[in-house]
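Just so it is clear, none of the values below were taken in a lab; they were calculated from the coordinates. As the structure is a computational prediction, the values presented were derived from the model and not from experiment. As a convention, Cβ positions derive from the backbone with ideal geometry for all residues, glycine included, and neighbour counts pool all protein chains shown.
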């Protein structure tokens, strides 16, 4: 017996579920774009303010004028860097850019991350510790993007004034995965001289990038500070 068109309730339920998911994704995307716009406006507003001081001849001397120009230049470089990151993320989302997922040794990668953040940690009086990593331990991921995600997460913790940050590695052999644990406790944050991405937006960016690297990002911290302890889970490298 042929059922009248539109009476297949199984198909209707499937369509409703798909619609709800698409609606949720659209709302999430709209919220993310709104946050991104706000984050980019901050350094742009700083640039406008600095230029206004110079144009209205409110600088005390040429040295202060040069300092304001230097700050404006730093701010515009930050805007361009953040725009490039958002453009790359959009390309990853729509599939026009594909991560290079391949076996990656963790020990040299984490050592590079430590070198990249070391000076920032010293300048902010933060102690960064990297736990032992088995020399042969490798994961299936895009090395360059994983490095950038880890630096982004550490910089977010630094921006929150964390006095101590730890990065440790746990091999979950049963799940054929490796978990990178990032631990930090927020301290007394100081406002940067040049407007930068907020810690919250850095976490959002990292959370959107990690799935493209074949991994998942889990919040392990207590509810008052969920980003204080993170677990980045990545699959073992294919044999």
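Worth pointing out:
- Gain on full stretching of the segment that runs from residue 188 to residue 58 - 0.36 nm per residue minus C-alpha separation: 43.6 nm
- Among beta bridges from DSSP that stay inside the chain, the antiparallel ones total about 85%.
- Angle between the chain longest axis and helix 143-159 axis [Cα atoms, degrees, rounded to 10]: 60 degrees
- Highest-first packing order for the peptide set 212-219, 74-81, 13-20 is 212-219, 74-81, 13-20, based on the mean count of other beta carbon atoms within 10 Å.
- Rounded FRET efficiency, nearest 0.05, which uses the C-beta distance separating residue 19 from residue 238 and R0 of 35 Å: 0.45
- Among (i) 55, 39, 31; (ii) 49, 49, 36; (iii) 89, 51, 36, the entry derived from the coordinates for Cα extents along the principal axes in Å: (iii)
- Against the chain, whose longest principal axis is taken from its Cα atoms, helix 199-209 shows a tilt of about 40°.
- FRET efficiency for residue 51 and residue 11, using Cβ-Cβ distance with R0 set to 45 Å, rounded to 0.05: 0.15
- Nearest-ten-degree value, helix 62-94 long axis tilted from longest Cα axis of the chain: 10 degrees
- Cα shape, the range 9-94, gyration tensor, a/c 1.5 rule: prolate
- Centroid-to-centroid separation of the range 43-90 and the range 118-147 [C-alpha atoms, Å]: 31 Å
- Across all directions, the average projected area of the convex hull around the alpha carbons of the range 102-235 is 7.9 nm².
- Sum of -39500 (n - 2.57) over DSSP H runs of 4+, divided by residues of the chain (222 nm, nearest 500): -18500 deg cm²/dmol
- The range 50-162 shape via C-alpha gyration tensor axes, a/c threshold 1.5: oblate
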